[in-house]
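Student: Take a look at this one; I'll ask things after.
The values are calculated or read from the model by the stated rules, or taken from the named source; none is laboratory data. All figures in this text were calculated on a predicted structure; none of them were measured in a lab. Using ideal geometry, Cβ is built from the backbone for each residue, glycine included, and neighbour counts are taken over all protein chains shown.
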Amino acid sequence: MKNSIDSNKPILLVEDNPLDIDLTRRAFRKRRLMNPIEIARDGEEAIGWISRWDAGEPLPLIILLDLKLPKIDGLEVLRNIKEHSEYKVIPVVVLTSSSEDRDIETAYKLGANSYIVKPVDFEKFIAVATEIEIYWLATSVLPR
């Protein structure tokens with residue numbers, strides 16, 4: 001059964017680079033994805049979402065997580081989310097510039113659902129946004 005995109009649920013983008021934030025927003029806007037995009041600009045802010053969800057804020061459909069973050073790195077953010085009994089089911093797609101084998105292996109061991117190396121070119125980034133939307137938001141059946 002196909003999952004219809006719940007356009008009221010946010011996408012959490014954990015990204016510190018303003019250019020990558022803008023690029024992601026533009027890519028999803030070009031795809032006409034209507035979900036609100038919440039931004040965490042460092043690892044500490046990302047982990048802070050756990051208490052916000054505890055307080056009743058809507059859970060994201062998906063988390064797009066950069067690894068190279070200030071304050072707390074993305075792998076530690078991933079560890080915190082995936083160790084949480086209630087939130088570990090939220091799909092986390094690592095979207096980062098790192099193609100290091102060590103980062104890839106560690107991310108999957110910590111429970112990442114996918115690992116994508118960010119393309120530099122905008123058109124290729126649109127293709128990645130399309131793939132994320134089609135697979136994670138339209139095809140996959142996600143927990144409610």
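Student: Keeping to segment 4-50, report how many residues are of a type in the set (Asp, Glu) and surrounded by 15 or more Cβ atoms within 10 Å (Cβ to Cβ). Give the steps one after another, and end with the answer.
Tutor: The initial filter retains those residues of segment 4-50 that are of a type in the set (Asp, Glu), namely 6, 15-16, 20, 22, 38, 42, 44-45.
Restricting the remaining residues to those that are surrounded by 15 or more Cβ atoms within 10 Å (Cβ to Cβ) gives 15-16, 20, 38, 42, 45.
Qualifying residue count for the region: 6.
Student: Would you check which residues across segment 82-139 are of a type in the set (Ser, Thr, Tyr), more than 17 Å from residue 26 (Cβ to Cβ) and surrounded by 13 or more Cβ atoms within 10 Å (Cβ to Cβ) and list them? Steps first, please.
Tutor: Here is the first cut: in segment 82-139, the residues of a type in the set (Ser, Thr, Tyr) are 85, 87, 96-99, 106, 108, 114-115, 130, 135, 139.
Filter once more, keeping what is more than 17 Å from residue 26 (Cβ to Cβ): 85, 87, 96-99, 106, 108, 114-115, 135, 139.
Once the filter is applied, which keeps residues that are of a type in the set (Ser, Thr, Tyr), more than 17 Å from residue 26 (Cβ to Cβ) and surrounded by 13 or more Cβ atoms within 10 Å (Cβ to Cβ), segment 82-139 yields 87, 96, 97, 98, 106, 108, 114, 115, 135.
Student: On the basis of being free of Cβ contacts under 8 Å to residues at least 60 places away in the same chain, over 17 Å from residue 112 (Cα atoms) and touching a Pro at 6+ places or on another chain (Cβ under 7 Å), does residue 54 make the cut?
Tutor: Values: free of Cβ contacts under 8 Å to residues at least 60 places away in the same chain: yes; over 17 Å from residue 112 (Cα atoms): yes; touching a Pro at 6+ places or on another chain (Cβ under 7 Å): no.
No, not satisfied.
Student: Does segment 29-51 contain at least one residue that is outside any strand (DSSP E or B), modelled with pLDDT under 95 and in contact with an Asp or Glu (Cβ under 7 Å, 6 or more places away or on another chain)?
Tutor: Within segment 29-51, the first condition is being outside any strand (DSSP E or B), and the residues that meet it are 29-36, 41-51.
Add one more test, that the residue is modelled with pLDDT under 95, and what stays is 29-36.
Then keep just the ones that are in contact with an Asp or Glu (Cβ under 7 Å, 6 or more places away or on another chain); that gives 31, 33.
Checking segment 29-51: at least one residue is outside any strand (DSSP E or B), modelled with pLDDT under 95 and in contact with an Asp or Glu (Cβ under 7 Å, 6 or more places away or on another chain).
Student: Another question about this same structure. Check residue 63 against each of (1) surrounded by fewer than 19 Cβ atoms within 10 Å (Cβ to Cβ); (2) closer than 16 Å to residue 15 by Cα and name the one condition it does not meet.
Tutor: (1)
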